[in-house]
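The values are calculated or read from the model by the stated rules, or taken from the named source; none is laboratory data. Every value quoted in this text rests on a predicted model; they were computed, and no experiment measured them. Cβ sites come from the backbone with ideal geometry, for glycine too, and all protein chains shown count toward neighbours.
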Amino acid sequence: MKALVFDEKIFIADLPKPARKENESLIKILVAGICNTDLEIIKGYMGYKGVLGHEFVGIVEDSGNHTLINKRVVGEINIGCGKCDFCLQGLSRHCQNRSVIGILAKQGVFAQYITLPDANLCLVPDSIPDEHAVFVEPLAAALEILEQVKIIPATSVAIIGDGKLALLILQVIQLLGVHCVLFGKHEDKLLIAQNLGANTESTTKKYKRVFDLVIEASGKKEGLLKALELLKPRGQLVLKSTFHGKVNLNFAGLVVDEITLIGSRCGPFAPAIRLLEKELIRIDPLIAKVFPFDDAIAAFDYAQSGHLKVLLNYK
């Protein structure tokens, strides 16, 4: 099979088609999405080498579970041991022995085939097109915020960032009917947010210490510092960005203002699929371009130029 591999640089390679194990399915990839995490990996994040990619929709070609064969699926990206306390609580994303598709000890989906445990797979309703289904994983990550933070009608919310994940988070927060402002620096992306009904700002200068909840999804180090400027004392800061490198932070301000920091990563697939099925999340404005898989390297170059979601079509 053809695969996009990262090892010091990215390149297309011929690799053996994977063989499924017991309780696994062999999945033919239909469409995959390039995530900011993929771009950070090639800068050194996680020290990963191998086949990249974790956002996908595919069709099950072979499985011990015959009800899955020929069905379209998406897949949870964390593969736990199934035995530890976290796994037994349904929190395999925190399993100490987990692998993570295209990120940690598991070959990714920028290949024609992948194997995954049947337990990781979720069926995709026929009404959701492939180009929308590939957004299940990042939309689930946006929904994870609602699992972690109590948001009431009086909560004031700020979102730092105007990229792919930020625009998904925006739409999730809008479903709650709360006051929300999205801060970004790209006119074209802010226009998309405005067309989605958002209040947007290109600067944080007049919003010092006014928000109850700030969600940092810029993918940049400076996003964290801007987010802290916006928070009221006793406010909550949800951190969504994953990037290569470190941030210098003065913790005294966090202590004095009694700020709550919440790391937020992967989330629940089932509600994400329901939102897409009900067309409550607008996806088309978030798709910058679709490349054939044979042009995956050009697609990466395009994605690195700051565009919104870039998709790879394997069909």
(message) Here are the criteria: (1) loosely packed, with under 15 Cβ neighbours inside 10 Å; (2) acidic (Asp, Glu); (3) in contact with a Leu (Cβ under 6 Å, 6 or more places away or on another chain). Tell me which single one Asp14 does not satisfy.
(response) (3)
(message) Name the single residue that is farthest from Leu91 (Cα to Cα) among those in region 239-279 being surrounded by 15 or more Cβ atoms within 10 Å (Cβ to Cβ) and among the small types (Gly, Ala, Ser).
(response) Ser241
(request) Tell me, please, whether a residue that is without any contact (Cβ under 8 Å) to a residue 24 or more places away in the chain and part of a strand (DSSP E or B) can be found in region 201-209. (result) yes
(message) Against the condition over 30 Å from Ile128 (Cβ atoms) and part of a helix (DSSP H, G or I), how does Glu258 come out, does it pass?
(response) no
(message) Testing Glu279 on (1) within 23 Å of Glu76 (Cα to Cα); (2) part of a loop (DSSP other than H, G, I, E, B); (3) touching a residue at least 60 places away in the same chain (Cβ under 8 Å); (4) not aliphatic (A, V, I, L, M), one condition comes back false. Which one is that?
(response) (3)
(request) Filter the helices (runs of 4 or more DSSP H) completely within region 69-168 down to those with at least 3 residues that are more than 23 Å from Val57 (Cα to Cα) and over 16 Å from the mean Cα position of the chain (by Cα). (result) 85-88
(request) Working carefully through the options Ile29, Ile59, Ile114, find the one that is of a type in the set (A, V, I, L, M) and surrounded by fewer than 20 Cβ atoms within 10 Å (Cβ to Cβ). (result) Ile59
(message) Testing Val310 on (1) over 30 Å from Pro129 (Cβ atoms); (2) in a strand (DSSP E or B), one condition comes back false. Which one is that?
(response) (1)
(message) When you check Thr204 against the structure, is it more than 20 Å from Ala32 (Cβ to Cβ), of a type in the set (S, T, N, Q) and modelled with pLDDT of 95 or more, yes or no?
(response) no
(request) Go through region 120-147 residue by residue and tally those that are surrounded by 22 or more Cβ atoms within 10 Å (Cβ to Cβ) and either without any contact (Cβ under 8 Å) to a residue 60 or more places away in the chain or more than 22 Å from Gly219 (Cβ to Cβ) (or both). (result) 4
(request) Identify the residue in region 210-231 that is outside any helix (DSSP H, G or I) and within 19 Å of the chain's Cα centre (by Cα) and, among all such residues, is farthest from Ile287 (Cα to Cα). (result) Val214
(request) Any chance you could count how many residues in region 229-248 are more than 17 Å from Tyr45 (Cβ to Cβ) and touching a helix residue (DSSP H, G or I) at 6+ places or on another chain (Cβ under 7 Å)? (result) 2
(message) Condition first: of a type outside the set (A, V, I, L, M, F, W, C) and within 24 Å of Ala142 (Cα to Cα). Now tell me which residues in region 283-301 satisfy that.
(response) Asp284, Pro285, Lys289
(request) Quick one: Leu176 ticks every box in (1) closer than 15 Å to Pro271 by Cα; (2) buried (at least 22 other Cβ atoms within 10 Å of the Cβ); (3) not basic (Lys, Arg) except a single one, so which number is it? (result) (2)
